Structure formats: C-alpha cells, structure tokens
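S.K.: Have a look at this one.
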C-alpha cells in the first residue's frame, strides 16, 4: 500500500517538521526544497524543478528537469509525479511564506489540484497546517489551538461542536470571513454538510 508523498518546496520551513521517511513513502524535492532537506540531513528520492530557486541542477540524486517557461509550478509538477506513481496522500512543506506571496496562493490551489485528482493534500508549515474538508468530519484536539474555516468555490454548510464557538449547519460564504479565529477544545468536531472548506489550524 502506498504511503505519503512528501513534497518539499522553497518557502518557509522548520527543519524539525520535515518528514522521517517510511519505506512506503516518497520524498520529492521541488527545486529549492532540496537545500532545506540537505541542511536537515535528509535525502530526497527525486529532484523536480528547473533549478531557478536552487541555483543549479543537482547530480547527487535522480533529477526530473523542467523547463523554466512552463505552466506547472515545481510543486504542481512534483504532485503530478506523485499521482502518476499512485500516491493519494500528500504533505507539502515549504509551501507558504517565502519571497513571493503568489507562490503561497499557487500552493493553496495545489490542494484543489490534488482534490480534483482524487487525492488528499495538507500543507505543513511552522505556524499552521492547511487542508481541505468536503462532505466529511474533522476532529481537533485542544492542542491544535486556533482554527479558521473559509468557504471555497461557493457557499458551504458547516457544523462545529466542542469548540469555543459552536454552530449548527451555519452558512459560510467566500465573501465574508465568518469562520476565522475559533479555538479548539478536546474532541472539537468540524462537519461539512455541503460545499468545501479551507481549514487552517494554527
């Protein structure tokens, strides 16, 4: 059974969050993400990118070289490769922060790209984790701290129980941040009845 495809980009990273590889996992360095892995003493299975963030193409591991002018970002290309290999669970590191805010937005869209291909994705960041929730329930613990819910692609109907602020079948829309800054307690449950939510756990 396939494990998790870990994709490491060039954004904001805490080396302590980088994955310890299991046998069934795959670790992909999306361009500049290779430098973070190297600093943490970790090895990628494959480098994917055009070398613009890293500054060169490595020779110490397999390389899937991409052209500089392309439609895919390095992160999307890495996720596409993971999908091709049969992975359906993805964790993205170095996907937020960095010098270009546009790349953070692009990596948020990457979660939707994965969802559209039948896969689950999560952004792992030093300050938060970001995932999509559609027609399902997510359980949080008090240690998860703050969480925010944002409607994506249209309005969503959501119930929250066991949190500081609870709602039953509330309507959340993309044009008003009603779901920002709630606080998790033990066994906080977030249920999406319809639509899709971006969940940010901080």
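The values are calculated or read from the model by the stated rules, or taken from the named source; none is laboratory data. What you see is a predicted model, and the numbers here were worked out from it, not measured in a lab. All Cβ positions, glycine included, derive from the backbone under ideal geometry; neighbour counts span all protein chains shown.
S.K.: List the number of the failed condition for residue 16; all other conditions in (1) modelled with pLDDT of 90 or more; (2) in contact with a helix residue (DSSP H, G or I) (Cβ under 8 Å, 6 or more places away or on another chain) hold.
M.R.: Failing condition for residue 16: (2).
S.K.: Against the condition free of Cβ contacts under 8 Å to residues at least 60 places away in the same chain, in contact with a helix residue (DSSP H, G or I) (Cβ under 8 Å, 6 or more places away or on another chain) and not in a loop (DSSP other than H, G, I, E, B), how does residue 90 come out, does it pass?
M.R.: no
S.K.: Moving on to the next point. Which condition does residue 64 not pass, out of (1) more than 21 Å from residue 130 (Cα to Cα); (2) in contact with a helix residue (DSSP H, G or I) (Cβ under 6 Å, 6 or more places away or on another chain), if it passes all the others?
M.R.: Unmet condition: (2).
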